[in-house]
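To start, the structure under review is shown below, and the notes come after it.
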Amino acid sequence: MKNLRKYIRKFFSVFSTKYRIQVLDVDHFEHKASFRLSALQIFIAFITTMTVLIFLTIYLVAFTGFREYIPGYADQKSKKQINDMLVVTDSLEEKVIANEKYIINLQNIFTNKLTADDPYKKDTTKNYSMIKNSKSKEDSLLRKEVQEADQYNIQANKASAGISNVLFFTPIRGKIVQKFQSEKRNYGLTITTGKDETIKCILDGTVLLSAWTPEDSYIMAIQHNDQFVSIYKHCSTVLKKEGDFIKAGEPIAFVAQTNGVIKEPYILFELWYRGYPIDPAKFMIF
């Protein structure tokens, strides 16, 4: 028991022993300062300093911008910027794909080529001879009810009208000497007319191409609304340049002279809809 008390007093005497700490100039051994502390005071000062440093670090990480410099942490602003960039990237990707399809369609128009999914090729893989197109009484009643409901619906009528409801301005009056034949890669009409006749625009639109080619003389291509594109080939002079906006019925070019094969002045007129050629004679009177 006495030995235990002796060891306890010795242990606490270590903490109560005073120590002098002096600060000297290394070069001249000049006394700068001195401190008289016990081991217990040094221990308490060390614990206090570490506690303050720990709480200060936690505060800086949790409530200030210093946590951005710690690996693995990201601020909310950066996360929002990343999400916004992902949305913009996705939109740009869709727009690039749409522009690529649009450019391919224009290239097909100018080079008289159809895409692989040519809608004018007859589908011979299926047999429709066994299909009977007979209307039941219930079907007739339903059709009548729908027609009466949409009779005064302006939006429905516009949507159902489609291309047949578009009013085209006839580009030129003349005689059709070569008809539209997509299977022979003839995607337009050859129209003969008088000398120096004026070619007019069929719809409001913007000039996509206005150039001269060795094969077709001057060519003009115009982009219209609803994905229509009109092309006028074999012109002697063009009156508009690329980027010009043109109203329907406005003069755009003059007819060229003969080329030896056709004895009268003529133009080659093509009409394209959603990337595919259509027969202009079905929608215009020449």
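Values quoted throughout were computed directly from the atomic coordinates according to the rules given, and no laboratory measurement underlies them. This one's a predicted model, so the numbers in the text were calculated from it and none came from an experiment. Glycine gets a Cβ as well: all are built from the backbone with ideal geometry, and neighbour counts include every protein chain shown.
The string of couplings for region 268-279 from the Karplus curve (6.51, -1.76, 1.60, θ = phi - 60°) is 10, 10, 10, 10, 10, 9, 6, x, 10, x, 10, 7 Hz, one whole number per residue in order, with x for Gly and Pro. What ranking do HIS31, HIS234, HIS224 get, fewest neighbouring Cβ atoms within 10 angstrom at the top? By the 10 Å Cβ count, ascending, the order reads HIS31, HIS224, HIS234.
Tell me the Kirkwood hydrodynamic radius of region 235-275 in angstroms, computed as one over the mean inverse distance between distinct C-alpha pairs. Mind dumping the intermediate values first?
On the way: mean 1/r = 0.0806 Å⁻¹.
Computed over region 235-275, the radius equals 12.4 Å.
Put simply, the amide H of GLN178, placed in the peptide plane, has neighbours under 5 Å in THR190, leaving out anything fewer than 5 places away on its chain.
Taking amide hydrogens as placed 1.01 Å from N in the peptide plane, the amide H of VAL255 sits under 5 Å from those of ASP196, GLU197, ILE199, SER236, each at least 5 positions away in sequence or on another chain. In this calculation the C-beta distance from SER164 to ASN83 is compared with R0 = 41 Å, giving a FRET efficiency of 0.35.
Subtracting the Cα-Cα distance of GLN181 and THR237 from their residue separation scaled by 0.36 nm leaves 17.4 nm.
In region 175-282, taking the dipole from charged Cβ atoms about the Cα centre, the farthest positive-side position among PRO214, ILE176, CYS201 is held by ILE176. Couplings 3J(HN,Hα) of region 188-195, computed from phi: x, 10, 9, 10, 8, 7, x, 6 Hz, in residue order, whole Hz [Karplus 6.51 cos²θ - 1.76 cosθ + 1.60, θ = phi - 60°; x for Gly and Pro]. 3J(HN,Hα) couplings calculated from phi for region 86-91 with the Karplus curve 6.51 cos²θ - 1.76 cosθ + 1.60 (θ = phi - 60°) are, in sequence order, 5, 5, 5, 4, 5, 5 Hz; Gly and Pro show x.
Here region 2-65 is treated as an ellipsoid with the same Cα gyration tensor; its semi-axes, largest first and in whole Å, are 32, 26, 6. Relative to the current alpha-carbon distance between LEU40 and LEU53, full extension at 0.36 nm per residue lengthens the span by 2.7 nm.
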